Amino acid sequence: MDALALKDLPEVFDNVIDSGLFHVFSDDDRKRYVEGLATVLKLGGRLFLLCFSDEEPGTQGPRRVSQKELHDAFVQGWSIESIGPSRYEVRPDLKDLTFSKGGPKAWFAVVPPPAVEVHRASVGDAP
């Protein structure tokens with residue numbers, strides 16, 4: 001499935017896990033992705049998102065994401081429950097890459113879906 005075409009998915013989910021996808025999108029694609037998430041995440045559910053942190057030094061690996069970028073991406077009707085520091089575990093064959101000791105720094109965010117009105121409007125349901 002194309003993560004930028006979630007609006008076309010006829011299913012909804014209690015929870016969504018994003019481990020390493022959000023940080024690869026351009027700003028415009030992030031907007032499309034977040035809009036699509038609102039259509040597939042059930043009310044009362046949660047998005048669990050793990051992305052590369054801007055606190056990871058260097059430039060090797062994916063684009064870094066700041067907490068502000070996370071808040072900005074989920075500004076339309078969403079309310080981030082929490083953002084905390086985390087780490088990516090690096091496969092043994094990638095140990096030679098230059099990342100922080102203990103694995104690349106990451107942000108782990110827990111994000112409930114938008115309010116009822118915003119969520120329903122995004123999937124086309126009547127209020």
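The values are calculated or read from the model by the stated rules, or taken from the named source; none is laboratory data. Keep in mind that this is a model prediction, so the values were computed, not measured. Using ideal geometry, Cβ is built from the backbone for each residue, glycine included, and neighbour counts are taken over all protein chains shown. To get the accessible areas, we keep the full protein, side chains included, count just its heavy atoms, and leave off ligands, DNA and RNA. Shrake-Rupley method; radii C 1.70, N 1.55, O 1.52, S 1.80 Å.
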(message) Here is a check on your reading of the model: is ASP72 open to solvent by 70 Å² or more (accessible area, probe 1.4 Å) and within 18 Å of the chain's Cα centre (by Cα)?
(response) yes
(request) Of the conditions (1) touching a helix residue (DSSP H, G or I) at 6+ places or on another chain (Cβ under 7 Å); (2) farther than 20 Å from ALA115 by Cβ; (3) among the small types (Gly, Ala, Ser), ALA38 clears all except one; give me its number. (result) (2)
(request) Would you please list the contacts, defined by Cβ atoms under 8 Å and residues six or more apart or on different chains, that run from a residue in the stretch 98-112 that is on the phi > 0 side of the Ramachandran plot to a residue that is modelled with pLDDT of 95 or more? (result) GLY102/ARG87; GLY103/ARG87
(request) Go through the stretch 43-69 residue by residue and tally those that are surrounded by 19 or more Cβ atoms within 10 Å (Cβ to Cβ) and either more than 25 Å from LYS101 (Cβ to Cβ) or among the hydroxyl-bearing types (Ser, Thr, Tyr) (or both). (result) 2
(request) Might you let me know whether the stretch 33-42 holds any residue that is open to solvent by less than 50 Å² (accessible area, probe 1.4 Å) and assigned to a strand (DSSP E or B)? (result) yes
